[in-house]
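Here is the structure we will look at, set down as structure tokens.
The values are calculated or read from the model by the stated rules, or taken from the named source; none is laboratory data. For clarity, every value in this text was computed on a predicted model and none was experimentally measured. Quick reminder, even Gly has a Cβ in these numbers, built from the backbone with ideal geometry, and neighbours come from all protein chains shown. Note: areas computed on protein heavy atoms with side chains; ligands, DNA, RNA excluded. Shrake-Rupley method; radii C 1.70, N 1.55, O 1.52, S 1.80 Å.
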Amino acid sequence: MFFMSRAESEMVTPENALKGRDQAIPTEKMHFVLDTPIHDVPAGHAVAIFGMGCFWGVERMFWKLDGVTTTAVGYAGGYTPNPTYEEVCSGKTGHNEVVRVVYDPAKIGYDDLLQVFWEGHDPTQGMRQGNDAGTQYRSGIYATTADQLAAAEASKQTFQPRLTAAGYGAITSEIKDAPAFYFAEGYHQQYLAKNPNGYCGIGGTGVTCPIGVNA
């Protein structure tokens with residue numbers, strides 16, 4: 001059995017969070033797979049942010065999609081400015097491991113990204129994803145627009161009955177306006193492309209989400 005400590009399974013309070021730093025953590029400039037700048041958002045593009053567990057495997061799901069211009073892994077949803085990976089993993093920053101997706105809405109819709117989100121992991125596990133336990137592995141959708149927020153909430157209501165029918169519990173994903181996003185260290189960016197045999201603990205439920213083109 002896998003046991004979580006109290007520190008791992010409960011969010012740190014703002015007053016007890018690590019102080020962090022003023023300067024951003026150094027990271028990559030170019031996408032290792034797509035050869036596009038990971039910081040840029042081209043004109044006419046949009047940004048989506050998702051937390052689905054260990055960000056190494058999550059990022060790979062999104063960079064493969066037609067219409068996605070670039071992806072990056074990072075930290076969001078906590079209190080510590082410019083945290084390091086080690087600090088996030090300590091459970092003392094409040095941050096989640098997330099993936100930032102820059103996409104062209106003329107080529108791929110937000111609903112298509114939501115479908116990958118819901119089907120690509122188990123959104124009912126609380127502060128964990130499989131054997132990866134801790135607050136940094138929680139499920140979350142961080143909307144960058146009001147339309148994204150509404151679509152995310154609607155998709156949750158649509159997917160829950162499917163999960164319930166398959167024997168799963170209530171969705172625990174947090175859905176909220178996007179907080180500050182901090183790019184993770186360079187070696188984390190496109191990790192599974194750089195390390196093809198690297199760890200990937202992400203797995204879905206096998207339940208199809210009735211949104212998008214494959215509904």
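In the set ALA154, ALA193, ALA133, only one residue is open to solvent by less than 60 Å² (accessible area, probe 1.4 Å) and closer than 17 Å to GLY51 by Cα; that residue is ALA133. In the range 62-74, is there at least one residue being over 24 Å from ILE171 (Cβ atoms), touching a residue at least 60 places away in the same chain (Cβ under 8 Å) and assigned to a loop (DSSP other than H, G, I, E, B)? Taking every residue of the range 62-74 in turn, none turns out to be over 24 Å from ILE171 (Cβ atoms), touching a residue at least 60 places away in the same chain (Cβ under 8 Å) and assigned to a loop (DSSP other than H, G, I, E, B). If the condition is being β-branched (Val, Ile, Thr) and closer than 27 Å to THR13 by Cα, then the range 59-89 contributes VAL73, THR80, THR84, VAL88.
Conditions (1) open to solvent by 60 Å² or more (accessible area, probe 1.4 Å); (2) in contact (Cβ under 8 Å) with a residue 12 or more places away in the chain; (3) assigned to a loop (DSSP other than H, G, I, E, B); (4) more than 19 Å from GLY140 (Cα to Cα), marked per residue:
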{"residue": "GLU15", "(1), (2), (3), (4)": "yes, no, no, yes"}
{"residue": "GLY20", "(1), (2), (3), (4)": "no, yes, yes, yes"}
{"residue": "GLN23", "(1), (2), (3), (4)": "yes, yes, yes, yes"}
{"residue": "PRO26", "(1), (2), (3), (4)": "yes, yes, yes, yes"}
{"residue": "ASP35", "(1), (2), (3), (4)": "yes, no, yes, yes"}
{"residue": "ASP40", "(1), (2), (3), (4)": "yes, yes, yes, yes"}
{"residue": "ILE49", "(1), (2), (3), (4)": "no, yes, no, no"}
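TYR85 falls short on exactly one of the conditions (1) in contact (Cβ under 8 Å) with a residue 60 or more places away in the chain; (2) among the aromatic types (Phe, Trp, Tyr); (3) buried (at least 21 other Cβ atoms within 10 Å of the Cβ), and that condition is (3).
Number of residues in the range 136-151 that are in contact (Cβ under 8 Å) with a residue 24 or more places away in the chain and open to solvent by 30 Å² or more (accessible area, probe 1.4 Å) equals 4.
Residue pairs whose Cβ atoms lie under 9 Å apart, sitting 6 or more positions apart in sequence or on different chains, and linking a residue in the range 165-183 that is free of Cβ contacts under 8 Å to residues at least 40 places away in the same chain to a partner that is exposed (fewer than 13 other Cβ atoms within 10 Å of the Cβ) and among the aliphatic types (A, V, I, L, M), are ASP177/ALA146. The condition of being aromatic (Phe, Trp, Tyr) and in a loop (DSSP other than H, G, I, E, B) holds for only one of TYR142, TYR182, TYR187, TYR168, that being TYR168.
Of the residues PRO105, PRO161, the single one that is out of contact with any strand residue (DSSP E or B) (no Cβ under 7 Å at 6 or more places or on another chain), over 30 Å from GLU15 (Cα atoms), surrounded by fewer than 20 Cβ atoms within 10 Å (Cβ to Cβ) and modelled with pLDDT of 95 or more is PRO161. Kindly indicate whether GLU97 is surrounded by fewer than 19 Cβ atoms within 10 Å (Cβ to Cβ) and either outside any loop (DSSP other than H, G, I, E, B) or touching a helix residue (DSSP H, G or I) at 6+ places or on another chain (Cβ under 9 Å) (or both). Spelling it out, it is not the case that GLU97 is surrounded by fewer than 19 Cβ atoms within 10 Å (Cβ to Cβ) and either outside any loop (DSSP other than H, G, I, E, B) or touching a helix residue (DSSP H, G or I) at 6+ places or on another chain (Cβ under 9 Å) (or both). Test each condition in (1) of a type outside the set (Lys, Arg); (2) open to solvent by less than 60 Å² (accessible area, probe 1.4 Å); (3) part of a helix (DSSP H, G or I) for VAL207 and report the one that comes out false. Every listed condition holds for VAL207 apart from (3).
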